[in-house]
């Protein structure tokens, strides 16, 4: 059950609702149907007309940048080993599709270069960095080799040091700071989040849609020139509330279905 505070905040957002649909970013690809962070999930996102994709990346022991969310392989492949402690040669043989469906058995973990190869013209790519600042230089090298368009690729990270390093090494690309905004219903804590955001040098802010903040608080951030993105929103009513809060993008596991639902009068 939602708290009275949270319910009030969501209702306040709804008061600002806009008829215009937001741009939808496929969370780990269209991961409602396809296995997350795979080429299949990213291709399905394009089939569902997503405006962008989001993927997670780690650095391997031999310097490769791989697309995977968890720190280890236990949930996806049943292997008790950490990604950062494995080489690309080892990871390239792991089946990361069978856990989702027999239809995806044999699906392999993609590298950053592989994801860039399926990025569609005019679409966005939220590149979430799960590692520390040491991964930024290898990412920069791959982006240069692939001649990635700075207008398409946006770095996102929870680690403020990573965001700052992205801004330092790759100033031509945007970098957004991620936060769950825990405890932001307390004025002092909410102000602390604002100060942290400013210190990162980020151009955008991405937050958990459950966060206990008001529409006014979010609109104030947007008013300072930050791009706003809420994650991960799969319910149409929740998406409409986020639109009312002024977000520019909504990250979702089901971009195609959510877009259809948003196009229908609620």
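Here, each number is a calculation from the coordinates, and none is a lab measurement. Computed from a predicted structure; not experimentally measured. FYI the Cβ positions are ideal-geometry reconstructions off the backbone, even for glycines, and counts take in every protein chain you see.
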Rank the residues 205, 125 as a footprinting-exposure proxy: fewest other Cβ atoms within 10 Å of their Cβ go first.
125, 205
Got a sec? How would 128, 54 order by Cβ neighbour count within 10 Å, fewest to most?
128, 54
Point-to-point label distance, residue 75-residue 216, nm (Cα→Cβ direction, 7 Å offset):
3.7 nm
So for the chain, averaging the separation of alpha carbon pairs under 8 Å that are six or more residues apart and normalising by length, what relative contact order in percent results?
23 percent
Between residue 23 and residue 140, what length in nm is gained on full extension when 0.36 nm per residue of separation is reduced by their alpha carbon distance?
39.5 nm
Using only Cα atoms, locate the centre of the stretch 205-266 and the centre of the stretch 40-74, then give the distance between them in Å, rounded to an integer.
22 Å
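From the square roots a ≥ b ≥ c of the eigenvalues of the alpha-carbon gyration tensor of the stretch 13-164, which class results: rounded (a/c under 1.5), prolate (a/b over b/c), or oblate? Walk me through the intermediate numbers first.
On the way: a/c = 1.66, a/b = 1.25, b/c = 1.33.
Because a/c hits 1.5 or more and a/b fails to exceed b/c, the stretch 13-164 counts as oblate.
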Determine the gain in length on full extension of the stretch residue 264-residue 108; use 0.36 nm per residue of separation and subtract their C-alpha separation, reporting nm with one decimal.
52.5 nm
Which of 79, 250, 156 moves the most in a Gaussian network model of the chain with Cα springs under 10 Å?
79
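Using Cα pairs closer than 8 Å and at least 6 residues apart in sequence, work out the relative contact order for the stretch 110-266, in percent.
15 percent
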Among bridges DSSP assigns within the stretch 4-263, what percent are antiparallel (round to 5)?
20 percent
Gyration tensor verdict on the chain (Cα atoms; rounded if a/c is under 1.5, prolate if a/b is larger than b/c, oblate otherwise)
prolate
Give me the percent relative contact order of the stretch 191-266, please, defined on Cα pairs under 8 angstrom at least 6 residues apart.
28 percent
Would you mind ranking 81, 167, 75, 254 by Cβ crowding within 10 Å, fewest neighbours first?
75, 81, 167, 254
Peptides 28-39, 168-179 ordered by average Cβ neighbours within 10 Å, highest first
28-39, 168-179
How would the stretch 110-245 be classified by its alpha-carbon gyration tensor: rounded, prolate or oblate, with rounded meaning a/c under 1.5 and the a/b versus b/c comparison settling the rest?
prolate
Distance (nanometres) between label positions extended 7 Å along Cα→Cβ at residue 93 and residue 159
2.9 nm
For the pair residue 224 and residue 151, what calculated FRET efficiency results from E = 1/(1 + (r/R0)^6), where r is the Cβ-Cβ distance and R0 = 25 Å, to the nearest 0.05?
0.70
In what sequence, highest mean first, do 87-96, 59-68, 236-245 appear when ranked by Cβ atoms within 10 angstrom?
236-245, 59-68, 87-96
